[in-house]
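Contents: one structure, followed by commentary.
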């Protein structure tokens with residue numbers, strides 16, 4: 001099995017090193033990802049400038065790695081469009097520094113890399129750890145990623161569907177288990193910060209506290225992680241609100 005590894009934290013992030021090393025016992029491993037942090041960049045596609053790609057050495061035996069100057073989804077695209085000589089069987093993205101739950105999926109470069117994979121018809125899993133510290137321990141998350149891939153659940157995924165996996169920042173023996181859950185509802189605590197540059201011109205930052213959300217709603221990713229479980233959510237690229245379409249059929253829409 002040929003496994004392609006990506007992320008949005010950059011090619012030298014500890015999370016991608018942990019994930020790539022965890023995949024080595026399972027097959028051939030190639031890393032193609034952005035050269036630096038591209039967090040919250042979403043599903044950006046580079047179309048109007050060239051993409052630069054350089055080989056890098058991750059010092060992981062059996063792993064070939066490339067860094068691009070583009071987005072995580074671009075990295076998947078160039079890998080699958082011909083950068084890699086051998087066909088890819090599975091894409092794993094992560095291990096992200098920080099969770100990707102609820103509406104985070106619309107922002108996440110890590111999840112977008114997995115989205116790009118399923119657009120290309122490849123099974124994909126995205127892994128995120130509920131920790132942002134520079135010295136965070138990725139060992140439990142890497143072990144869980146390896147266990148999930150080893151069980152070949154990705155071979156049972158329907159088209160345009162990926163698995164979004166969030167892992168609590170706990171030692172492996174303290175994680176309570178796995179919950180198959182839906183996306184919860186995030187609360188974003190963003191604020192607009194205005195400052196003045198040395199030339200007297202205003203500039204702005206979007207800042208604020210860490211996102212929160214409803215952790216009391218059972219069967220959601222936020223609840224599972226808050227209660228010490230690994231959350232696994234099947235995410236489908238067809239974003240049509242099928243239930244609401246039935247309501248819309250009752251509308252008297254007239255464009256004449």
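Summary of values
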| quantity | calculated |
| --- | --- |
| Neighbours by Cβ (under 8 Å, 6+ apart or cross-chain): first from region 163-177, free of Cβ contacts under 8 Å to residues at least 40 places away in the same chain; second part of a helix (DSSP H, G or I) and surrounded by 19 or more Cβ atoms within 10 Å (Cβ to Cβ) | 171/140; 172/140; 172/144 |
| Among residues of region 83-96, those that are at pLDDT below 95 and within 18 Å of residue 34 (Cα to Cα), counted | 1 |
| Selection within region 210-221 - in contact with a helix residue (DSSP H, G or I) (Cβ under 6 Å, 6 or more places away or on another chain) and on the phi > 0 side of the Ramachandran plot | 213 |
| Matching residues in region 210-222 - criterion: being under 20 Å from residue 40 (Cα atoms) and either without any contact (Cβ under 8 Å) to a residue 12 or more places away in the chain or assigned to a strand (DSSP E or B) (or both) | 210, 211, 212, 213 |
| Residue 173 being within 21 Å of residue 105 (Cα to Cα) and out of contact with any strand residue (DSSP E or B) (no Cβ under 8 Å at 6 or more places or on another chain) | no |
| Some residue of region 189-209 being in a strand (DSSP E or B), touching a helix residue (DSSP H, G or I) at 6+ places or on another chain (Cβ under 6 Å) and under 22 Å from residue 108 (Cβ atoms) | no |
| Elements of type strands (runs of 3 or more DSSP E) contained in region 1-83, each with 2 or more residues being without any contact (Cβ under 8 Å) to a residue 60 or more places away in the chain and buried (at least 23 other Cβ atoms within 10 Å of the Cβ) | 28-34 |
| Boolean, residue 127 is in contact with a helix residue (DSSP H, G or I) (Cβ under 9 Å, 6 or more places away or on another chain) and part of a helix (DSSP H, G or I) | no |
| Identity of the residue in region 89-114, more than 17 Å from residue 22 (Cβ to Cβ) and more than 12 Å from the chain's Cα centre (by Cα), that ends up surrounded by the fewest Cβ atoms within 10 Å (Cβ to Cβ) | 103 |
| Number of the exception - residue 164 against (1) in a strand (DSSP E or B); (2) surrounded by fewer than 12 Cβ atoms within 10 Å (Cβ to Cβ) | (2) |
| Residue 225 being in contact (Cβ under 8 Å) with a residue 60 or more places away in the chain and out of contact with any helix residue (DSSP H, G or I) (no Cβ under 6 Å at 6 or more places or on another chain) | yes |
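The values are calculated or read from the model by the stated rules, or taken from the named source; none is laboratory data. Everything numeric here is computed off the predicted structure, so don't read it as measured data. Using ideal geometry, Cβ is built from the backbone for each residue, glycine included, and neighbour counts are taken over all protein chains shown.
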